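Peer 1: Have a look at this one before I ask anything.
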Amino acid sequence: MSTESTNAPEQGDPLAPTAPAPRPAMPPSYPPAPAPSAAAAPARRRGGWLRETLTVMVSALVLSVLIKTFLAQAFYIPSGSMEHTLELGDRVMVNKLAPEPFDLERGDVVVFVDPGGWLDDLPPDTRPVWQQRVTEVLTWVGLLPQDAGQHLIKRIVGVGGDTVAAEDGVLTVNGEAVEEPYLREGVSSSETDFSVEVPEGQLWLMGDNRSDSADSRAHLGDPGGGTVPVDNVVGRAFVILWPADRISLLNNPGTFEDVPAPAP
């Protein structure tokens, strides 16, 4: 009778595998780690919320400054020279991508820096110093509209090379009579007769309330003959932001579409 062989090692066999030795228990940490407090979780949540809030606020301020510097800026209207297109106290948003990279056109309403002699000296600011500084900071970051200061707002009537003239209340540009639907009711295009050729790189600007607008006509005797350098233009006003019942776009009315190009 044959016997079946087995793979079981014999006792005392030096080649037999041995069981691994048990690992020693790890000693406890010293000093022992404290158990998490029940109040720690809410504190961590509050800290995370504060960090997120500060991050959002700083990002919003940086974005606001970038927009105001390069794209758009709000301005406050301090006079009635553009009635009734713009009313006293209106807030408008100005597109700072015009004049560059976008071109300015006749009929655009633009904000520009006083070229000299258009505005009187500003009255002293009698508010407390802290209030002046807060206003300056909020204006700088774009959270408040820019005060008029040394800025004005008018409509472009003539661009470089144009001949702008007025006689007996009729306005012409390059010999073409212009009907201006945006003028304040009852106001003629100009009570002052004039004729001027606009130099290249300059603009002829007039208010929509012609009888109450010290515009280019009032500065015919100044250097530049009443024209304003294009470089002085901050941007094109494109929307009324405030008050709420006057929110609307300031589109170019297309009044000057039939005006021929200036003679070479």
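Peer 1: Return only the number of the condition from (1) surrounded by 11 or more Cβ atoms within 10 Å (Cβ to Cβ); (2) farther than 22 Å from Asn251 by Cα; (3) among the charged types (D, E, K, R) that Arg184 does not satisfy.
Peer 2: Here Arg184 clears every test but (2).
Peer 1: Among Asp215, Asp193, Asp208, Asp222, which is open to solvent by 40 Å² or more (accessible area, probe 1.4 Å) and at pLDDT 95 or above?
Peer 2: That would be Asp193, the only listed residue that is open to solvent by 40 Å² or more (accessible area, probe 1.4 Å) and at pLDDT 95 or above.
Peer 1: Another question, then. Got a sec? Which of Ser216, Ser211, Ser189, Ser195 is in contact with a Leu (Cβ under 6 Å, 6 or more places away or on another chain) and more than 29 Å from Gln73 (Cβ to Cβ)?
Peer 2: Ser189
Peer 1: Continuing with the same structure: Specify the residue that is most open to solvent (accessible area, probe 1.4 Å); the eligible residues are those in region 120-163 that are at pLDDT 95 or above and over 26 Å from Glu87 (Cβ atoms).
Peer 2: Thr163
Peer 1: Cβ contacts < 9 Å: first residue under 19 Å from Val109 (Cα atoms) and in contact (Cβ under 8 Å) with a residue 60 or more places away in the chain, restricted to region 171-184; second residue assigned to a strand (DSSP E or B) and open to solvent by 70 Å² or more (accessible area, probe 1.4 Å), any location; separation 6+ or different chain. Result?
Peer 2: Val178/Val170
The values are calculated or read from the model by the stated rules, or taken from the named source; none is laboratory data. All figures in this text were calculated on a predicted structure; none of them were measured in a lab. Cβ sites come from the backbone with ideal geometry, for glycine too, and all protein chains shown count toward neighbours. Accessible surface areas use protein heavy atoms only, side chains included; no ligands, DNA or RNA. Shrake-Rupley method; radii C 1.70, N 1.55, O 1.52, S 1.80 Å.
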